[in-house]
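Visitor: Got a structure for you, written out below as C-alpha cells; questions coming shortly.
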Amino acid sequence: MDRPFRIRFRKYALFWKLAAATFFVDQLTKLLVIALLPPMMREMPGYDPASTPIAVVPGFFNLVHVGNFGAAWGLLSGQKIFLTLFALAALAAIFKFRRQLELERRPVQLAFGLLVGGIFGNLLDRLWHGYVVDFLDFTLPLIGYRWPAFNAADCGIVVGVGIFLVLNTLPLFGYNHPEAKRFNEEDALK
C-alpha cells in the first residue's frame, strides 16, 4: 500500500470502519431473515400465506419478513430506478462535499459512517431483490400504532442523520464551538 493512500485511509478510518460494519450487520441480518422466515407479502418470491410474525416481546416487538418497494413508510413505492439514482447521488454528494462536511472530524465520521453503510445496505437490496428487506416490527402500545417495519440499514441512516443534526445544532458540539475544534485537534494528533 503506498504511503499517500495509507495516510488518506487513516484520516477517514473511523468512517470506513463504521460504514463497513453497518453494511455487514445489515446484510447479515437480512440474510438470516431471508433464510429463516418466509416472506409475508404476495409481491415477494416465496410468499407463504401461512407465515406469521415471530413475537419477541408480545404486543410490542415482532420479527417479520416483508419487502419495502419504496422509501420510508413505503413512500415512492414502485420507484426503484428513482430511489436507486437518489441513493447514488447522495453517496456521490457525500464524497464530493467531504471537505465542506468536515468529514475528517471523528464525530462527523461517526455520523456519515453509519449513514453511508445504511445507504449501501438498502441500495444493494434494491438492486439485488428489487425491494428492501425489512424485518423489525414494533407496535407502540400506548397509542396502538404499528410502526412500519425497518432494518439495520435504516437504523444506521436514522442514527447517522440524528448525530449529524446534533453536531450542527447543539452549541457545544457545533462546528464553530472552540471545544469541538479542540476535541478534533486532539483527535487528529492520535
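Every number here is computed from the coordinates shown, using simple stated rules; none is lab data. Quick caveat, the model's predicted, so the values are computed rather than measured. Cβ atoms come from the backbone with ideal geometry, glycine included; neighbour counts cover every protein chain shown.
Visitor: Once you order the gyration tensor axes a ≥ b ≥ c over the Cα atoms, which shape class does the stretch 11-189 get: rounded for a/c under 1.5, otherwise prolate or oblate by comparing a/b with b/c? Show your work: numbers first, answer last.
Guide: Working: a/c = 2.42, a/b = 1.84, b/c = 1.31.
In terms of gyration-tensor shape, prolate.
Visitor: If you don't mind, another one. Residue-wise, which Karplus ³J(HN,Hα) couplings in Hz belong to the stretch 28-33, taking 6.51 cos²θ - 1.76 cosθ + 1.60, θ = phi - 60°, and x for glycine or proline?
Guide: Per residue, the Karplus-derived 3J(HN,Hα) values read 5, 5, 5, 4, 5, 4 Hz.
Visitor: Quick one: grab the alpha carbon gyration tensor of the stretch 8-47, order the square roots of its eigenvalues as a ≥ b ≥ c, and give me rounded if a/c is under 1.5, else prolate or oblate depending on whether a/b is larger than b/c. Present the calculation step by step, with values, prior to reporting the outcome.
Guide: Working: a/c = 6.51, a/b = 3.79, b/c = 1.72.
Prolate, since a/c reaches 1.5 and a/b exceeds b/c.
Visitor: Count neighbours as other Cβ atoms within 10 Å of each site's Cβ, and list the chymotrypsin sites (Phe, Trp or Tyr not before Pro) in the stretch 51-84 that are DSSP loop with at most 15 such neighbours.
Guide: F60
Visitor: Taking 7 Å along the Cα-to-C-beta vector as the label spot, tell me the W73-L32 distance in nanometres, rounded to one decimal.
Guide: Here the answer is 3.0 nm between the modelled labels.
Visitor: Along each principal axis of its Cα atoms, how long is the stretch 13-75 end to end? Whole angstroms, biggest number first, please.
Guide: Computed over the stretch 13-75, the largest-to-smallest principal extents equal 46, 27, 24 Å.
Visitor: Return the long-range amide H neighbours of M41 (sequence gap of 5 or more, or a different chain), with a cut-off of under 5 Å between placed amide H atoms.
Guide: D48
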